[in-house]
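Here is the structure we will look at.
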Amino acid sequence: MIGRVIQPALKLVITALERIRETSDHAPRASRNSLAQLQSTYSVAVSPGETPASPARPRLQQATATKAKSLTSVRERVCGCTKCAHLVSSRTQTVFGVGNPDAEIMFIGEAPGADEDQQGEPFVGRAGQLLTKIIKAMGFAREDVYIANILKCRPDMPAGSYGNRAPTPAEMQMCRPYLVEQINIIQPKVLVALGAVAVEGLLGSRGTMRELRGRWHSYNGTPLMITYHPAYLLRNQSPSEKRKVWEDMLQVLERLDKPISEKQRNYFL
Ligand code: SF4
């Protein structure tokens, strides 16, 4: 009975949120507290004996929990991985991946840098901040997508030298199975490879970014967009290069059937 009163109210809230999503520059956001409150309202709305209006949501939550559990199991193996002795001795920690286990988009980079090695999270340095900005401009939060690298350990550097180096093909081949497991568990609708090294790690073939970026490829049947690594944009600040990355991201939004506002269409990073 309570359900019959509250269900129309919830429908009104959902309609209002959908309207915001269609007319606003960014998708509507809700805090964890608000979501928890909405979820508890949903359980009250369904009185004992009543059939939930949509059983899809609990099933979805169950699937997400299963994915999270599977990812935790892979993470534990990565944490203890000693396949590359030279990287085990130089790493501070492994850098597994971060984000929504049920993400629609998965961003793939090449390897952790010094900041990531320190913090244990991919894309947290300057390039990572730019990636976060791109994700937000697409209308997502960082927690909505999944971010991982081909290599889970920072490529070592000669003693006394600073900076980061690209992973070697042998290192990527060694670590790639973990990424494959992550992709298989998450099953994103779209993969985005950031830079030619990530493409080589993922597909096993090397090409120039000029040939590769801006068009759809496929990884085991999942649409794959290839674009520049954000670190490239930090080195090359020209508006035309930034715009290319943004146009690639617009293609991703279109592929996901996300509404794109006029402001987003004209956006420059
Ligand atoms: S780079 Fe990958 S395969 Fe090599 S030690 Fe680290 S986790 Fe293991």
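Some observations on this one:
- Scanning the range 91-124 for residues that are small (Gly, Ala, Ser) and either within 10 Å of the ligand (Cβ to nearest atom) or in a loop (DSSP other than H, G, I, E, B) (or both) yields Gly97, Ala103, Ala111, Gly113, Gly120.
- Restricting attention to the range 143-182, the residues being more than 16 Å from the ligand (Cβ to nearest atom), assigned to a helix (DSSP H, G or I) and surrounded by 20 or more Cβ atoms within 10 Å (Cβ to Cβ) number 0.
- Yes/no for Gly139 being of a type in the set (Gly, Ala, Ser), at pLDDT 95 or above and within 14 Å of the ligand (Cβ to nearest atom): no
- Where a residue in the range 67-78 is in contact (Cβ under 8 Å) with a residue 60 or more places away in the chain and its partner, wherever it lies, is of a type in the set (Val, Ile, Thr), with Cβ under 8 Å and at least six apart: Lys67/Ile185; Lys67/Ile186; Ser70/Ile185; Leu71/Ile185; Leu71/Ile186; Val74/Ile185; Val78/Thr94
- Near pairs, Cβ below 8 angstrom, 6+ apart or cross-chain, from the range 147-165 (within 30 Å of Lys189 (Cα to Cα)) to any residue that is of a type in the set (Phe, Trp, Tyr) and part of a strand (DSSP E or B): Ile147/Phe107; Ala148/Phe107
- Residue under evaluation Lys133, criteria (1) within 16 Å of the ligand (Cβ to nearest atom); (2) within 30 Å of Leu256 (Cβ to Cβ); (3) exposed (fewer than 15 other Cβ atoms within 10 Å of the Cβ), criterion not met: (1)
For (1) modelled with pLDDT of 95 or more; (2) among the hydroxyl-bearing types (Ser, Thr, Tyr); (3) within 16 Å of the ligand (Cβ to nearest atom), each residue gets a yes or a no:
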| residue | (1), (2), (3) |
| --- | --- |
| Ser47 | no, yes, no |
| Ala53 | no, no, no |
| Arg57 | no, no, no |
| Leu60 | no, no, no |
| Thr64 | no, yes, no |
| Ala68 | yes, no, no |
| Glu76 | yes, no, yes |
| Gly80 | yes, no, yes |
| Lys83 | yes, no, yes |
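The values are calculated or read from the model by the stated rules, or taken from the named source; none is laboratory data. Quick caveat: nothing in here was measured; it's all calculated off a predicted structure. Reconstructed Cβ throughout: ideal geometry from the backbone, glycine too, with neighbour counts over all protein chains shown.
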